[in-house]
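The values are calculated or read from the model by the stated rules, or taken from the named source; none is laboratory data. Nothing here was measured: the structure is a model prediction, and the numbers come from that model. Heads up, the Cβs are rebuilt from the backbone with ideal geometry, glycines too, and the neighbour counts pull from every protein chain shown. Ligands, DNA and RNA are stripped out before the accessible areas are found, and what is left, the full protein with its side chains, is counted by its heavy atoms. Shrake-Rupley method; radii C 1.70, N 1.55, O 1.52, S 1.80 Å.
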Amino acid sequence: MINVALHGAEFFGKHGFYPEEQLLGSKFVVDISVDFEPQGDLHLDKLADTVNYEHLYELTFQQMQHPRKLIETLCQAIIDDIVKQYPYASAVSVTIKKLNPPMKGKVDFSSVTITHGI
């Protein structure tokens with residue numbers, strides 16, 4: 001079993017329940033973890049035989065461009081794209097942290113984690 005992951009990928013997005021959040025936007029930090037069995041002989045040193053973490057970043061970047069009210073919806077859309085691109089993934093986990101969420105007091109971040117598979 002192999003695990004490929006991204007930690008602390010930063011994005012700007014206009015996600016949030018309140019209209020002000022969708023107007024002003026905020027910063028998000030995304031962690032992605034993908035477990036899978038290798039698709040070929042790793043000794044051959046081919047990118048096609050693994051999960052490309054640069055591609056994980058690009059999939060996430062594309063989803064961040066589409067405003068959503070719920071972080072859960074965004075999280076699931078990222079997972080759906082990863083599973084579609086890498087059907088041999090046995091588990092995919094995505095955590096999205098919204099930095100400085102609109103609260104009455106100081107909160108570093110709120111977060112949602114969804115795990116697909118095992």
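Applying a threshold of 6 Å to beta carbon distances and a minimum spacing of six or more residues, or different chains, the list of pairs starting in the stretch 101-112 at a residue that is more than 17 Å from LEU70 (Cβ to Cβ) and ending at one that is open to solvent by less than 70 Å² (accessible area, probe 1.4 Å) reads VAL107/PRO101. Within the stretch 31-48, the set of residues being touching a strand residue (DSSP E or B) at 6+ places or on another chain (Cβ under 9 Å) and in a loop (DSSP other than H, G, I, E, B) comprises GLU37, PRO38.
Residue by residue through the stretch 14-30, note down the ones that are assigned to a loop (DSSP other than H, G, I, E, B) and among the charged types (D, E, K, R). Scanning the stretch 14-30 gives a single hit, LYS14. Each residue in the stretch 4-31 was checked for being open to solvent by less than 80 Å² (accessible area, probe 1.4 Å) and more than 18 Å from SER110 (Cβ to Cβ), and 3 pass. Within the stretch 76-89, which residues are touching a residue at least 40 places away in the same chain (Cβ under 8 Å) and over 22 Å from GLY25 (Cβ atoms)? Listed by number, the residues that qualify are ILE82, TYR86, TYR88, ALA89. Within this structure, THR113 passes the test of being out of contact with any helix residue (DSSP H, G or I) (no Cβ under 7 Å at 6 or more places or on another chain) and of a type in the set (Val, Ile, Thr). Six or more apart or on different chains, Cβ atoms under 9 Å: show the pairs whose first residue is in the stretch 14-38 and farther than 14 Å from VAL4 by Cα and free of Cβ contacts under 8 Å to residues at least 40 places away in the same chain and whose second is open to solvent by 10 Å² or more (accessible area, probe 1.4 Å) and part of a strand (DSSP E or B). That search, which allows pairs on different chains as well, returns GLY25/PHE12. VAL92 falls short on exactly one of the conditions (1) in contact (Cβ under 8 Å) with a residue 40 or more places away in the chain; (2) part of a helix (DSSP H, G or I); (3) crowded, with 20+ Cβ neighbours inside 10 Å, and that condition is (2).
Within the stretch 48-75, residues that are farther than 17 Å from ASP31 by Cβ and open to solvent by less than 90 Å² (accessible area, probe 1.4 Å) have Cβ atoms under 8 Å from residues that are part of a helix (DSSP H, G or I) and among the charged types (D, E, K, R) in these pairs: GLN62/ASP81, counting only partners at least 6 apart in sequence or on another chain.
Would you mind finding the one in ASP45, ASP41, ASP80 that is open to solvent by 30 Å² or more (accessible area, probe 1.4 Å) and closer than 22 Å to THR115 by Cα? After ruling out the rest, the residue left standing is ASP80.
In summary, GLY8 fulfils each of the numbered conditions (1) outside any strand (DSSP E or B); (2) at positive phi with the single exception of condition (1).
A single member of SER33, SER26 is at pLDDT 95 or above and either of a type in the set (Ser, Thr, Tyr) or in contact with a Phe, Trp or Tyr (Cβ under 7 Å, 6 or more places away or on another chain) (or both), and it is SER33.
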